[in-house]
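Here is the structure we will look at.
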Amino acid sequence: MIILVGGEKGGPGKTTIATNLAAMRTIDKKDTLLVDTDEQSTATYWCSLREETQVTPRVASIQKRGKSVRTEIIGLKEKYDDIIIDAGGRDSLELRGSLLVANKALFPLRPSQFDLWTLGRLNTLVEQARAINENLQAYILINQSSPNPGVREIAEAREYIADIDNLSLMKSSACERISFRRAAIRGMSVPEYKPVDQKAIDEIQSIYQEVFND
């Protein structure tokens, strides 16, 4: 399966989601490749940290840029069980090319009005991609929401997203939790990080299970 994690706005945790999914899939003994198409190369840096600190298992990764991303991923898909693409937070050749080959596209968004305003452009990108990639499934993932149960961010975002034609809202979501950042700077996924943050683990495992239908 080819999973794209992308978007049109920086900051909602795309690389965090992509690296966690790649690590968890590798731990589940699936032959997985993490493809970093973002010019900031954050996913590549995460993989380097993982190797330097000898976190196992190793997560296989490569960098790809430009208009050849689509054809190169097509050439790789027979070699791996799963390919996870980390695309940058902007409309780019890499994002558009990845949408043409992905089975599923995940767009992490914070439940803020500034992030939700990008949905119109994302909806158009998915609609255009489906003219070629008819089976593309595209999802909005609410990420970095407030962990305060009294804040209605997620409920309000769900109401806003309900009218978007080409994007479905994932049942799973994730809150703003420091363990996501602490795990990332050690080249780890959240389930690998100690001390254990069970709420964060439950959230990322729910996302993982929904993405891979486990």
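The values are calculated or read from the model by the stated rules, or taken from the named source; none is laboratory data. Model, not experiment: these values are computed from the prediction. Counting neighbours? That spans all protein chains shown, and the Cβs are built from the backbone with ideal geometry, glycine included. Each accessible area value is taken on the protein alone, full model and side chains, heavy atoms only, with ligands, DNA and RNA left out. Shrake-Rupley method; radii C 1.70, N 1.55, O 1.52, S 1.80 Å.
Quick notes on this one:
- Residue within the stretch 70-81 that is touching a Lys or Arg at 6+ places or on another chain (Cβ under 8 Å) and more than 20 Å from Ile132 (Cα to Cα) present: yes
- Selection within the stretch 93-139: residues that are part of a loop (DSSP other than H, G, I, E, B) and of a type in the set (Gly, Ala, Ser). The member of this set that is most open to solvent (accessible area, probe 1.4 Å) is Ala131.
- Which numbered condition Pro147 misses (of (1) assigned to a strand (DSSP E or B); (2) out of contact with any helix residue (DSSP H, G or I) (no Cβ under 7 Å at 6 or more places or on another chain)): (1)
- Answer residue from the stretch 1-23, given it is open to solvent by 20 Å² or more (accessible area, probe 1.4 Å) and more than 19 Å from Leu93 (Cα to Cα) and is farthest from the chain's Cα centre (by Cα) among those: Met1
- Selection status of Met170, over 26 Å from Arg90 (Cβ atoms), open to solvent by less than 50 Å² (accessible area, probe 1.4 Å) and outside any helix (DSSP H, G or I): no
- Filtered residue count, the stretch 182-213, keeping only those that are free of Cβ contacts under 8 Å to residues at least 40 places away in the same chain and either among the charged types (D, E, K, R) or not in a helix (DSSP H, G or I) (or both): 9
- Scanning the stretch 49-85 for residues that are closer than 22 Å to Ala183 by Cα and part of a helix (DSSP H, G or I) gives Leu49, Arg50, Glu51, Glu52.
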